[in-house]
2 protein chains.
Amino acid sequence: MNFFFDPRGVAVVGATPNPLKGGNALIKNLMHGYRGEIYPVNPRYDRINGLACYPSLGAVPDPVDMAIVFVPAPAVPAAVEACAARGIAGVMIESGGFAETGTEGAGLQRKLGEIVAGTGIRIWGPNCMGLVDVVNSRIFSFMDPQSTEQGFLPGSVSLIVQSGMLSASFLIDVMSQALMGISKVCSVGNKVDVNECDLLEYFISDPDTRVIGLYLESFPQGRRFLALCRRCEKPIVVLKGGRSAKGAEAALSHTASLAGNWRIIAGALAQAGVIEARDFKQMIDLCRSLAMAEPLEPLADSRERVAILTFSGGSGIVAADFIDEQGLELADLSEGTRTALRDIFPAWMPVSNPIDLWPAVESHMGDGMDVYSRSLEAVLADPGVDAVFLHTFTGHSRSRLDLAVLARLIREAGKPVFIWQVGRRESAFAFQQEALSLAIPVFSEIGRAAECLAAVLHRRRRHHPSTP
Amino acid sequence: MNFFFDPRGVAVVGATPNPLKGGNALIKNLMHGYRGEIYPVNPRYDRINGLACYPSLGAVPDPVDMAIVFVPAPAVPAAVEACAARGIAGVMIESGGFAETGTEGAGLQRKLGEIVAGTGIRIWGPNCMGLVDVVNSRIFSFMDPQSTEQGFLPGSVSLIVQSGMLSASFLIDVMSQALMGISKVCSVGNKVDVNECDLLEYFISDPDTRVIGLYLESFPQGRRFLALCRRCEKPIVVLKGGRSAKGAEAALSHTASLAGNWRIIAGALAQAGVIEARDFKQMIDLCRSLAMAEPLEPLADSRERVAILTFSGGSGIVAADFIDEQGLELADLSEGTRTALRDIFPAWMPVSNPIDLWPAVESHMGDGMDVYSRSLEAVLADPGVDAVFLHTFTGHSRSRLDLAVLARLIREAGKPVFIWQVGRRESAFAFQQEALSLAIPVFSEIGRAAECLAAVLHRRRRHHPSTP
């Protein structure tokens, strides 16, 4: 599969100088960051976007490991035959018009499989958006070249998606909000050959990938997929489209996928350690939380005890409700922690978890004591606390949370800290950007934060099977 | 209760010129928009923030309907006695240090009740952030005056909250994101006298309020509350803090609330037509959706049929899954709608719901046809469609959704259209702002949008009890 991810030379069949066409976007996107040779193929032009253009695949010089094909569907089989004749190992077909369009297209798609059968040539697609490798700046996709203008955020989450949307527009959304950095995104389309299993296998040994997220509408190789999940040490998050009967019907017309019975599949996936997502942004939230988490120490027992530090009694209570709902526990604070907190709190205030910091912030308004850092330090040092759920309001200077200090405390304690944040839009965004750079997960909903914290803490069970 | 909401004259006991203190914020906030007379009370000053300051409540001239009290807890009973002597009808006590701090504070709080017993004087609080009336620019609260600098968004949702956070910092978050406009927010605190029932009753007949949202930790007058909910024609959304045992314990220390058994309360509330929320932002999402919805026609039967228009097959499928999960139906498109869509779609594409618009957008790229508007028009005219769930990506000019056109179509059809949006942060925000001004609800998560759409559609059942 390396010829797809790190090809020496890429030919583009269907390259065009027309800036409104996908065949031009492909060239622009390749030129954006790919460091190998780019070979536009089109008999009608000598040059495209300043690059030498070749009349046919046969005329393309060595080395060329991959061809991206973006011509109308009826012309695709001939292009694949030419790839085979030229000995190109990887063919990425991004054109649509195959099984997703009816019986005629399905026939064309079958033909592609027949052409490469026994040749060792691999086909990626058709009907897909290809591959985006943010870390290595490789964009093998006809996606809008404007997408890259504001820059992509490199990270350690790789995605495998049966949906063009997730590989382009949604990604722009997630990255422009500084929610998550990305390693690679693979849009698999109709999966005539390369499927989620091939890509999952690749990511299992990819050093740039820490977490793998998948949006899928079918599992054509269910057993192989489960076996891969079982052996994978990296967290895997799966969002399945077509869980309902109506959704499954829609999946059939989208990527010609037979959705299967979701309840059976979901049970098998959960047993293999896969984390199930229900929605796109929630899937991203789970992936980024898992990617930011440091490897955790094995637990002495199966309890997962959370301390809640909040600026608001009300949100502390709602957080406690969600902690309970997620099967986590509210930590009982040790005597040492209680003593430390009593030093910070006003005299009347009993120390209990959730820890409402606001009265302490108010009572130290004059003396400049950093109530947040001191409380966090005490709580993170508590052996009865496995994780901290911290609430903050960005906007007040007088209760500002210093993220750099927090990052140091997290590193020293080796315990995850999840943040629920509210605040004015601009300051909240600046906070989010800084938190991302420090690998501290921030959320705007209490329930989502609790859910993601639970996903991170529950991972310890899986990797320490001796735990009761 | 009108003396709290529309007082002729407000006295502020605990006013101070020190800009770091809440007693100064109260004056600044009153001056921000309140048009009646403001009477700072403090024997140590002649003037505060340019206003004449009075040595005692007795010296304050007429008319004065309300006093806001913000002095240390031990001094509050004397202040309330002075209010009684002066004949001030409404006393809003924003100081903390009462039942939430232990037995001594509880004793003080009881005393307040005893002082006004039989006088007809009403007490709001203590331990609260008071009242913010965005529509009439009345801020009777010590909240940070900077909060108002960027302006508040007037709207038709009124909130009753047992949490200072929700009435200040969270509101800034919601309004700075252009999520929702607000009518009034009441922070009720320890509820020594005025409670959620009094305020709910007020909002039932308040012409500026269309939807009522409540965050509560207890229902001390459960029967009265339920009776009010049953007779209320406006949607009521309740988020209860302390649903879990641990959360209930935390509620006890937050506002000294006995949380009660949530399952029993929840059942009774649902029967009374109340919509239950689980999280703060979700509560806001439910409130804004209900506030934006026009009164709907009674349904011929109990079905609620949704058409999904999307730019992405994958998100259409996931949306179909959520529509199913919410007990809604995917609409079967009429023959007329199918014919209209076939005119727009490429020939190979079968017309089905979810309706994937992307192939049509691509095939009409050159001729400038507005695929979104034409499809929407066809679908909204379909008698078998009760609501539309529309997906859009903001950022592409070539598939831009014209919100003004959409607003006109929605008005003409009298059917709700909910939008799921992804896009680059800045353009997504501009879209959100425009949509809010046109009362079109926009979401960033598919599941949340489906949940809120279901809440709006399910309201028809309640108000048309003859429906099966």
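The values are calculated or read from the model by the stated rules, or taken from the named source; none is laboratory data. Predicted model only: the values in this text are computed from it and were never measured. Reconstructed Cβ throughout: ideal geometry from the backbone, glycine too, with neighbour counts over all protein chains shown. For the accessible areas, the whole protein counts, side chains as well, though only heavy atoms, and no ligand, DNA or RNA atoms are used. Shrake-Rupley method; radii C 1.70, N 1.55, O 1.52, S 1.80 Å.
For this structure, a couple of remarks:
- Segment B:186-200, subset free of Cβ contacts under 8 Å to residues at least 40 places away in the same chain and outside any loop (DSSP other than H, G, I, E, B), residue nearest to B:Met92 (Cα to Cα): B:Glu196
- Filtered by the rule that a residue be touching a Ser or Thr at 6+ places or on another chain (Cβ under 9 Å) and closer than 30 Å to B:Ile355 by Cβ, segment A:73-91 gives A:Ala73, A:Ala75, A:Val76.
- All positions within segment B:105-126 that are assigned to a helix (DSSP H, G or I) and of a type in the set (Val, Ile, Thr): B:Ile115, B:Val116
- Qualifying residues in segment A:336-351 (those that are in a loop (DSSP other than H, G, I, E, B) and touching a helix residue (DSSP H, G or I) at 6+ places or on another chain (Cβ under 6 Å)) - the one nearest to the other protein chains (Cβ to nearest Cβ): A:Trp348
- Any hit, segment B:297-315, residues being open to solvent by less than 10 Å² (accessible area, probe 1.4 Å), within 14 Å of another protein chain (Cβ to nearest Cβ) and of a type in the set (D, E, K, R): yes
- Answer residue from segment A:147-180, given it is in contact (Cβ under 8 Å) with a residue 40 or more places away in the chain and open to solvent by 10 Å² or more (accessible area, probe 1.4 Å) and is nearest to the other protein chains (Cβ to nearest Cβ) among those: A:Gln177
- Condition broken by A:Ala381, with the remaining ones in (1) modelled with pLDDT of 95 or more; (2) surrounded by 20 or more Cβ atoms within 10 Å (Cβ to Cβ) satisfied: (2)
- Hey, A:Arg424 at pLDDT below 90 and out of contact with any Phe, Trp or Tyr (no Cβ under 8 Å at 6 or more places or on another chain) or not: yes
- In segment A:133-146, of all residues being of a type outside the set (S, T, N, Q) and open to solvent by less than 20 Å² (accessible area, probe 1.4 Å), the one that is nearest to the other protein chains (Cβ to nearest Cβ) corresponds to A:Met143.
- Condition check for A:Ala291: buried (at least 22 other Cβ atoms within 10 Å of the Cβ), away from chain B (no Cβ under 14 Å) and touching a Ser or Thr at 6+ places or on another chain (Cβ under 7 Å): yes
- Residues (among the polar types (S, T, N, Q) and not in a loop (DSSP other than H, G, I, E, B)) located in segment A:413-444: A:Gln421, A:Ser427, A:Gln432, A:Gln433, A:Ser437
- Boolean, B:Asp279 is buried (at least 24 other Cβ atoms within 10 Å of the Cβ) and either more than 14 Å from chain A (Cβ to nearest Cβ) or at pLDDT 95 or above (or both): no
- When the test is whether a residue is modelled with pLDDT under 95 and not in a loop (DSSP other than H, G, I, E, B), B:Val174 passes it.
- Residue, nearest to the other protein chains (Cβ to nearest Cβ), within segment A:318-335, restricted to residues that are surrounded by fewer than 21 Cβ atoms within 10 Å (Cβ to Cβ) and within 33 Å of the chain's Cα centre (by Cα): A:Asp324
- Those residues of segment A:236-267 which are assigned to a loop (DSSP other than H, G, I, E, B), over 22 Å from the mean Cα position of the chain (by Cα) and at pLDDT 80 or above, in sequence order: A:Ser244
- Taken as a whole, the structure places A:Leu376 among residues that are open to solvent by less than 10 Å² (accessible area, probe 1.4 Å) and away from chain B (no Cβ under 14 Å).
- All positions within segment A:209-235 that are in a loop (DSSP other than H, G, I, E, B) and either of a type in the set (Val, Ile, Thr) or closer than 19 Å to A:Ser289 by Cα (or both): A:Thr209, A:Arg210, A:Cys232, A:Glu233, A:Lys234, A:Pro235
- Close pairs (9 angstrom Cβ cut-off, 6 or more residues apart or separate chains): within 10 Å of chain B (Cβ to nearest Cβ) and more than 18 Å from B:Ser147 (Cβ to Cβ) in segment A:417-433, part of a helix (DSSP H, G or I) and among the hydroxyl-bearing types (Ser, Thr, Tyr) anywhere: A:Trp420/A:Ser315
- Among all positions in segment A:398-419, there is no residue which is open to solvent by 10 Å² or more (accessible area, probe 1.4 Å) and within 17 Å of B:Ser176 (Cα to Cα).
- Summed over segment B:301-335, the residues that are assigned to a helix (DSSP H, G or I), in contact (Cβ under 8 Å) with a residue 12 or more places away in the chain and of a type outside the set (A, V, I, L, M, F, W, C) give a count of 4.
- Number of the condition not met by B:Met365 [criteria: (1) open to solvent by less than 20 Å² (accessible area, probe 1.4 Å); (2) in contact with a Leu (Cβ under 8 Å, 6 or more places away or on another chain)]: (1)
- Tally, over segment A:336-360, of residues that are open to solvent by 50 Å² or more (accessible area, probe 1.4 Å) and aliphatic (A, V, I, L, M): 1
- When residues of segment A:207-219 are limited to those that are of a type in the set (D, E, K, R) and in contact (Cβ under 8 Å) with a residue 60 or more places away in the chain, the one least open to solvent (accessible area, probe 1.4 Å): A:Asp208
- Neighbours by Cβ (under 6 Å, 6+ apart or cross-chain): first from segment A:220-245, more than 23 Å from A:Val157 (Cβ to Cβ); second open to solvent by 50 Å² or more (accessible area, probe 1.4 Å): A:Ser244/B:Asp324
- Index of the failed condition, A:Gly113 passing every other in (1) surrounded by fewer than 24 Cβ atoms within 10 Å (Cβ to Cβ); (2) of a type in the set (Gly, Ala, Ser); (3) touching a Ser or Thr at 6+ places or on another chain (Cβ under 7 Å): (3)
- Top-ranked residue in segment A:383-438 [being of a type in the set (D, E, K, R) and more than 23 Å from A:Glu451 (Cα to Cα); ranked as farthest from the chain's Cα centre (by Cα)]: A:Arg398
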